[in-house]
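The values are calculated or read from the model by the stated rules, or taken from the named source; none is laboratory data. Note that the structure is a prediction, hence the values are computed from the model and not measured. Counting neighbours? That spans all protein chains shown, and the Cβs are built from the backbone with ideal geometry, glycine included.
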Amino acid sequence: MSQRITLIVIVGVMALVIAVMVLNRGVSSNALPTVSLMTVKKESHDIPAGVLPLPEALNGSGTLVVWSAHAGARLEPCGCVAGMHGGLVRRASLVSRVGAERRLVLECGGWSGGAADYQLVRAATYLRALQRTSQAVVGIGSAEVQLGVVKLNQLLHGSDLPTLVSANVQRADGTWFGERSVQIERSGQVFVVTSVALASSTGAGLTVLDPEQSLLKIIAQHPKSLVVVMADMDETALMALARAVPGISLLVGGAVAGPSPQPLAVGATRIVHVANEGKTIGYWPWGSDACHYDLVDDRVPDHPLVRTAIRQYQEQLAGMELLSDKQPTGMTTLRRDDVAHYTGNNSCLICHATAHAGHALSKHAQAYQSLVKKNYEYDPDCLRCHVVGPGFPDGFQRRGEPVAQREVIQRDLAQVGCESCHGRGSTHVAERQNGRVSSGSFQPVTPATCQRCHDLENSPKFNYNSYWERIRHGR
Ligand code: HEC
Ligand code: HEC
Ligand code: HEC
Ligand code: HEC
């Protein structure tokens, strides 16, 4: 191990010397920030136990481009059903197999995953975990532009962040996030790496310059370099960009669902792409005529550093007040004229003993416990489907003192309850207790009610008839 580190340090020093030589030869007038191997920490060389070895075709000593796109800050899949793909916790393990001296890890746009306050904290966690494990160069895509300048500043504040590059996204005052491009040394080659977002992307307080013009400028400044561009674009736009801007060595997309089976060629430019929410990771041995992909599935062991980051993020959520605590993002709709409030399952027990008993045995009654078991019970992203009325003053309270009836709320709103499907129950309970006929305050329960939670992502096998059979109840 220590031999390997020594070797890497030597390679690093050599790389630095070469980089300095290259810098001194001509490009010194607009010296690029150079990311040297010296910044690569030792910990990133530890390969977690049980990771399958790198496929034969990817072995060797040449530069290996490794990329993902549209990852949406997914640290790990939610685990609602078995066999879910993706997540940095696994992707980082796959990346760790490639020696830091030869891997060029690119994180294309679409990594941010939402504009809510907790989503920004998650994105920041994601970037730092990416930096600690993979030392990726990170691009800016449409999703990031959409966040606008205030949220981007907030997200990109502080230390330990990866190198951020964009050739065409700047603040309205003309300043840049990170760098316009960086120079990176891998396997004895020098790469100039940058990214572009679509000219049509918009975000408050941001200017998106023409991608073609922006790239032509960078290429003119580095005529002899291997220019690598991450572009958050679909395949047609990628091809058009390659035609309009000769001189790009490699274009990496982007907003494309399927992977390119082999690098596409436009003149001397090669184009590779895969998006797929970071569920697939792409590899391209520099200069070869084939790409390789790994589906990031549940056989890939966790990377311990990302696992730790996930735990820290969840602890952070537990200590934070969030806007979503007071803004219902939940799956229970409130009718505008609804005067009823949530009363909890136990208030139904006395009159609907059979339905109640059946429900208590169903998985719906365990929905909150499932989050507790995974330490995700403070995550608003999970609670929206796993408890009753999250974000409403009378619904489940994520943390702290609820507005009313702490007892009732904490005891039986921590599940998918009767009222998750039927709606608020207080009016019905009051009427029935007084022997009156219900005024029909309950909403009709239809398959669409189920599908607000049982969506394609979280319940791909959902079928109303067979699922209803498993929780069928009446009075
Ligand atoms: C859009 C709604 C939705 C969201 C958001 C959601 N879940 Fe789920 N979850 C479900 C549904 C529906 C099921 C049941 C799926 C099935 O069996 O078809 C489920 C099941 C589960 C299970 C039980 C799996 C089992 O084997 O019994 C776990 C654990 C779980 N979710 C964790 C999470 C976590 C952690 C998050 C947040 C990161 C989350 N869920 C977010 C809807 C959701
Ligand atoms: C004091 C007794 C009582 C309580 C408490 C009560 N119910 Fe009812 N409920 C009835 C009666 C009586 C009917 C009408 C007869 C029937 O359908 O069997 C009814 C009917 C219903 C119906 C079908 C008809 C409709 O009104 O839409 C649903 C659904 C229902 N109750 C759900 C609930 C839920 C959920 C709770 C707890 C929040 C609850 N009930 C609490 C007595 C009660
Ligand atoms: C508020 C969100 C929500 C709604 C609405 C909802 N479910 Fe669920 N459902 C869940 C969650 C979450 C789970 C997983 C619970 C667990 O295991 O942690 C689940 C689990 C189930 C399961 C058990 C699956 C298994 O793995 O055994 C069945 C069956 C089911 N739901 C049927 C339905 C039907 C039918 C409807 C509509 C009538 C419905 N659900 C509406 C959230 C919901
Ligand atoms: C996952 C969604 C879901 C949950 C949770 C749920 N129900 Fe239901 N319930 C339904 C559906 C669907 C029906 C049948 C369709 C209908 O009549 O609305 C139904 C029917 C009923 C009926 C009979 C209505 C009638 O007209 O005959 C009663 C009463 C009832 N539920 C009470 C309850 C009580 C009490 C609870 C909690 C202990 C509960 N339900 C939990 C979805 C749910």
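At-a-glance table
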| read-out | value |
| --- | --- |
| Residue count, region 222-234 (criterion: surrounded by fewer than 16 Cβ atoms within 10 Å (Cβ to Cβ) and modelled with pLDDT of 95 or more) | 0 |
| Qualifying strands (runs of 3 or more DSSP E) (wholly inside region 150-219; at least 3 residues being of a type in the set (A, V, I, L, M)) | 189-197 |
| Answer from Pro162, Pro211 - the residue that is farther than 28 Å from Arg243 by Cβ and in contact with a strand residue (DSSP E or B) (Cβ under 9 Å, 6 or more places away or on another chain) | Pro162 |
| Some residue of region 423-437 being of a type in the set (D, E, K, R), in the same structural domain as Ala353 (by TED's automatic domain parsing) and in a helix (DSSP H, G or I) | yes |
| Test: Gly254 is modelled with pLDDT under 95 and buried (at least 21 other Cβ atoms within 10 Å of the Cβ) | yes |
| Residue that is farthest from ligand 2 (Cβ to nearest atom) [pool: residues in region 421-475 that are touching a Phe, Trp or Tyr at 6+ places or on another chain (Cβ under 9 Å) and basic (Lys, Arg)] | Lys461 |
| Residues (within 11 Å of ligand 1 (Cβ to nearest atom) and either in contact with a Gly (Cβ under 8 Å, 6 or more places away or on another chain) or of a type in the set (Lys, Arg) (or both)) located in region 338-376 | Lys363, His364, Lys373, Lys374 |
| Whichever residue in region 441-457 is surrounded by 15 or more Cβ atoms within 10 Å (Cβ to Cβ) and closer than 17 Å to Val416 by Cα and, among such residues, is farthest from ligand 4 (Cβ to nearest atom) | Arg452 |
| Long-range neighbours under 8 Å by Cβ, at least six apart or interchain, first residue free of Cβ contacts under 8 Å to residues at least 24 places away in the same chain within region 441-453, second part of a loop (DSSP other than H, G, I, E, B) and more than 16 Å from ligand 2 (Cβ to nearest atom) | Gln451/Phe462 |
| Condition check for Lys224: part of a helix (DSSP H, G or I) and out of contact with any strand residue (DSSP E or B) (no Cβ under 7 Å at 6 or more places or on another chain) | no |
| Single residue of region 375-391 satisfying the filter (acidic (Asp, Glu) and either part of a loop (DSSP other than H, G, I, E, B) or not assigned by TED's automatic domain parsing to the domain that holds His364 (or both)) that is nearest to the chain's Cα centre (by Cα) | Asp379 |
| Residues located in region 347-369, provided they are within 38 Å of the chain's Cα centre (by Cα) and more than 8 Å from ligand 4 (Cβ to nearest atom) | Leu361, Lys363, Ala365, Gln366, Ala367, Tyr368, Gln369 |
| Meets criteria (at pLDDT below 50, surrounded by 14 or more Cβ atoms within 10 Å (Cβ to Cβ) and within 27 Å of Val196 (Cβ to Cβ)) for Ser36 | yes |
| Residues of region 192-213 satisfying the condition of being within 16 Å of Val252 (Cβ to Cβ) and surrounded by fewer than 22 Cβ atoms within 10 Å (Cβ to Cβ) | Leu198 |
| Among the residues listed as Ile281, Ile271, the single one being assigned by TED's automatic domain parsing to the domain that holds Val229 and in contact with a Phe, Trp or Tyr (Cβ under 9 Å, 6 or more places away or on another chain) | Ile281 |
| Scan of region 168-198 for residues that are more than 23 Å from the chain's Cα centre (by Cα) and among the small types (Gly, Ala, Ser), ordered by number | Ala172, Gly174, Ser181, Ser187, Gly188 |
| Selection count, region 47-102, where residues are out of contact with any Gly (no Cβ under 9 Å at 6 or more places or on another chain) and of a type in the set (Ser, Thr, Tyr) | 1 |
